[in-house]
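Notes to accompany the following structure.
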Amino acid sequence: MTKLRGFEIVSKYQDKNITLPRRQTIASAGYDLEAAVDIEIPSIWRLNFVRIFRLLRNGHQLYEPDYALADSILKPLLIPTGIKAYMPEDEVLILANRSSNTFKRSLSLPNGIGVIDADYYNNKTNEGEIFIQVLNYGVRPIKVKKGQRIGQGIFIKYYKTDDDLPVERQRQSGFGSTNLKED
């Protein structure tokens with residue numbers, strides 16, 4: 001039987017009791033993704049974000065050190081899942097937030113959704129491990145425990161235009177891996 005799509009555990013988590021994603025009901029579209037480790041997600045409000053916000057709000061001129069500080073503060077944290085996904089070339093795994101993350105925990109996916117392309121699987125940099133990007137916009141730090149469901153993945157077929165001319169390039173790594181200057 002040929003394998004079309006599914007999940008595997010990345011090698012560094014082989015003996016770490018990682019659970020492969022599962023749908024939680026018969027009609028669920030998404031496969032629940034779990035945290036591979038315990039991790040604390042700090043609140044953006046406790047990361048000196050308020051200082052930058054106050055400067056902006058009061059019309060103060062910002063200087064390069066202020067911008068650098070803001071850039072370092074407002075970065076999402078990556079929660080490792082310890083899993084990777086394989087799929088046909090014309091499919092994509094869409095990573096979505098769980099509704100309970102925003103409603104109950106003040107965790108959001110800053111990019112809205114994540115896109116895992118078929119060629120991300122087994123890439124040289126991180127073997128294709130899937131990470132969930134989150135920001136904690138609440139005032140308290142959030143503790144995520146290993147095995148806690150943190151996101152969901154939905155396999156979707158996509159279509160190409162009649163005049164599709166993709167760039168002849170191989171994936172180099174994980175995030176922003178097309179190696180273009182704007183990445």
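No value in this document is a laboratory result; all are computed from the given coordinates. Because the structure is predicted, anything quoted here is derived from the model rather than measured. Positions of Cβ are backbone-derived with ideal geometry, glycine not excepted, and every protein chain shown enters the neighbour counts.
Quick one: which of Ala36, Ala29 is among the small types (Gly, Ala, Ser), touching a Pro at 6+ places or on another chain (Cβ under 6 Å) and closer than 21 Å to Val115 by Cα? Walk me through it before giving the result.
Working: Ala29 fails: touching a Pro at 6+ places or on another chain (Cβ under 6 Å).
Matching residue, one of Ala36, Ala29: Ala36.
One residue stands out in segment 6-45 among those that are among the small types (Gly, Ala, Ser) and either in a loop (DSSP other than H, G, I, E, B) or without any contact (Cβ under 8 Å) to a residue 60 or more places away in the chain (or both): the one that is surrounded by the most Cβ atoms within 10 Å (Cβ to Cβ), namely Ala36. If you take the residues of segment 60-85 that are without any contact (Cβ under 8 Å) to a residue 40 or more places away in the chain and either among the acidic types (Asp, Glu) or touching a Pro at 6+ places or on another chain (Cβ under 7 Å) (or both), which of them is farthest from Tyr31 (Cα to Cα)? Looking at the filtered set, the residue picked out is Glu64. Of all residues in segment 46-59, those being assigned to a loop (DSSP other than H, G, I, E, B) and either touching a strand residue (DSSP E or B) at 6+ places or on another chain (Cβ under 6 Å) or without any contact (Cβ under 8 Å) to a residue 12 or more places away in the chain (or both) number 2.
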